[in-house]
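Participant: The structure is given below, and queries will be raised subsequently.
Just so it is clear, none of the values below were taken in a lab; they were calculated from the coordinates. Remember, predicted model here, so these are calculated numbers, not experimental data.
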């Protein structure tokens, strides 16, 4: 029997110069994924003006990578909190919709999800 773990794509953003909090949030995401036994693909972070705009190059790159992987596995966009996508609820929901359109769902390190709980799929091999 083979266990297929979700693929995790970590996303964050930071408009400020101080990167310490960003590094701590990304580390929390890595720890959460490890704790769940999920396969971490990588991290994408929008910085400076991109972190505050509707044009997020790193988020777009993450979504492109998710689309490719979604053909083969369950894919998750992991953020520390919902505010890491956007502080405005309407903007956040639009970004979550983009994740859904890429074949995934968004989860937080606090166990929140915009879809059913991520699963661990067991694939049985024929004898």
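Participant: For mean projected area of the Cα convex hull in nm², the listed values are (i) 6.4; (ii) 7.0; (iii) 7.8; which was obtained by calculation from the structure presented?
Facilitator: Among (i) 6.4; (ii) 7.0; (iii) 7.8, the one calculated here is (iii).
Participant: Give the angle, between 0 and 90 degrees and rounded to the nearest 10, that separates the Cα long axis of helix 57-69 from the longest principal axis of the Cα atoms of the chain.
Facilitator: So the helix axis and the longest Cα principal axis differ by about 10 degrees.
Participant: Another question, then. Indicate, rounded to the nearest 5 percent, the antiparallel portion of the DSSP beta bridges found entirely in the stretch 2-123. Walk me through the numbers on the way to the answer.
Facilitator: Values: 4 of 20 bridges.
Of those bridges, close to 20 percent are antiparallel.
Participant: If one computes the Cα centroid of the stretch 67-101 and of the stretch 1-62, what distance in Å separates the two points?
Facilitator: The distance from the Cα centre of the stretch 67-101 to that of the stretch 1-62 comes to 11 Å.
Participant: Apply the a/c threshold of 1.5 to the C-alpha gyration tensor of the stretch 1-47 and tell me whether it is rounded, prolate or oblate. List each step's numbers first, then the result.
Facilitator: Details: a/c = 5.55, a/b = 2.50, b/c = 2.22.
Prolate is the answer for the stretch 1-47, as a/c is 1.5 or above and a/b outweighs b/c.
Participant: While we're on this one: Give the angle, between 0 and 90 degrees and rounded to the nearest 10, that separates the Cα long axis of helix 20-36 from the longest principal axis of the Cα atoms of the chain.
Facilitator: Helix 20-36 and the main axis of the chain meet at about 10 degrees.
Participant: What residue among 39, 23, 51 shows peak mean-square fluctuation when the chain is described by a Gaussian network model with Cα springs under 10 Å?
Facilitator: Largest GNM mean-square fluctuation: 23.
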